[in-house]
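Since the structure comes first, as structure tokens, the remarks are kept for the end.
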Amino acid sequence: MRLEPPERTREYRNHHLDSTRWDQFVPRDDDIFVTTAYKAGTTWTQRILAALILGPKPLPARLSEISPWVDARFMGPLEPILDRLDAQRHRRFIKSHLAADGLRFFPQAKYIVVGRDTRDVFMSLFNHYSSYADTMFELFNDPDRPGPEFPRCPATPGELWPVWAKEGWFGWESDGWPFWSHHHHLSTWWEIRELPNVLFVHFGDLKADPETEMRRIAEFCAIDVSEDSWPALLATVGLGAMRDEARHFDDPMAMVWKGGADSFFYKGDSGRWRGVLAPDDLALYETSASALDPALRLWLEGGRHATGIRL
């Protein structure tokens, strides 16, 4: 465990990511960053922050415009994204999928790290990956793409799991192909979890007790919320409410995911890997998970509510 801020020592550039896009970012002291590997509650946490900062009213624009994913190289030119962020007069909350060794770290800002059981992440990722429309592959595999081409999704989870569980896209990773590592991402943030501006939130805790986790986030970010506001705020952050909200904006997800918002905001269930991952698959998981800090593995598999780990 480290108590000093992390150093940015690695560059993440592939079909999805470009960590160098952060070089042009100008921070504010009260910025909030939501960072996950993927499929662990990123959008959910962003929507919680939107409710806490903007109130329970409908969003004035798509969540992805209010809270952009800066390190996504396929989102188009960076300048318009930074201009929109610079124009925001409310407190900003911004998405990243970078590990702590690839993201610029600002000591005055807040970092919310969201995690989930690795096996559940995989099941959600397979649904996400297998639902990509052709448009997405055109974006990922443009002529300026750094590195190899992003491949099409295998037909079944059983075909993807063996490579996802034991091969990395980047040389310093040992899982996550053809995306990036779930375990490396969490491990880099886990090392600095005691820093006062880092908060860990677990997908399972959000499901088990959303109000408690939302209150934790509000307290961590020093956002004052009146008691009579909580019911209305909580009503805006459920899966159904987020799905309906995405449809309201002409469901742009329909252009990039088969099934649109219904596919992106899928079930949010835990444990779907049971009956899907075979014994040999679970043996691969055991090998990978055994390399984690035991406390991190325990937290990933159960969260605070099931393990009693205090973060």
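Nothing in this text is a laboratory measurement; each read-out follows from the coordinates by a stated rule. Please read all numbers here as calculations on a predicted model, not as lab measurements. Neighbour counts are summed over all protein chains in view; Cβ atoms, including those assigned to glycine, are modelled from backbone coordinates with ideal geometry.
Listed by Cβ neighbour count within 10 Å, with the fewest neighbours leading, V114, V225 appear as V225, V114. Scalar couplings 3J(HN,Hα) for segment 279-295, obtained by applying the Karplus form with A = 6.51, B = -1.76, C = 1.60 to θ = phi - 60°, are x, 5, 5, 5, 5, 5, 4, 4, 4, 5, 5, 5, 7, 6, 3, x, 5 Hz; x denotes Gly and Pro. From least to most packed, judged by other beta carbons within 10 angstrom and beginning with the fewest, S187, S181 follow the order S187, S181.
Just to verify a number: FRET efficiency for H305 and L234, C-beta to C-beta distance, R0 = 22 Å, to 0.05? The computed FRET efficiency comes out at 0.80.
Near E219: Cβ cut-off under 12 Å, other residues only, Lys/Arg at +1 and Asp/Glu at -1. The net charge is +1. Projected over every direction and averaged, the convex hull enclosing the alpha-carbon atoms of the chain yields 15.1 nm². As a rough footprinting exposure proxy, the listed residues K57, K110, K166, K207 were ranked by other beta carbons within 10 Å of their own, and the order from fewest upward is K57, K166, K207, K110.
Residue-wise HN-Hα couplings along segment 123-135, as the Karplus relation 6.51 cos²θ - 1.76 cosθ + 1.60 with θ = phi - 60° gives them from phi, are 4, 5, 5, 4, 4, 5, 5, 6, 9, 4, 7, 4, 4 Hz; Gly and Pro carry x. Max-minus-min Cα coordinates of segment 21-177 on each principal axis give 46, 34, 31 Å, with the largest extent listed first.
Would you look at the GNM of the chain, springs on alpha carbons closer than 10 Å, and say which of G147, G176, G275 moves the most? Highest fluctuation of the listed residues: G275.
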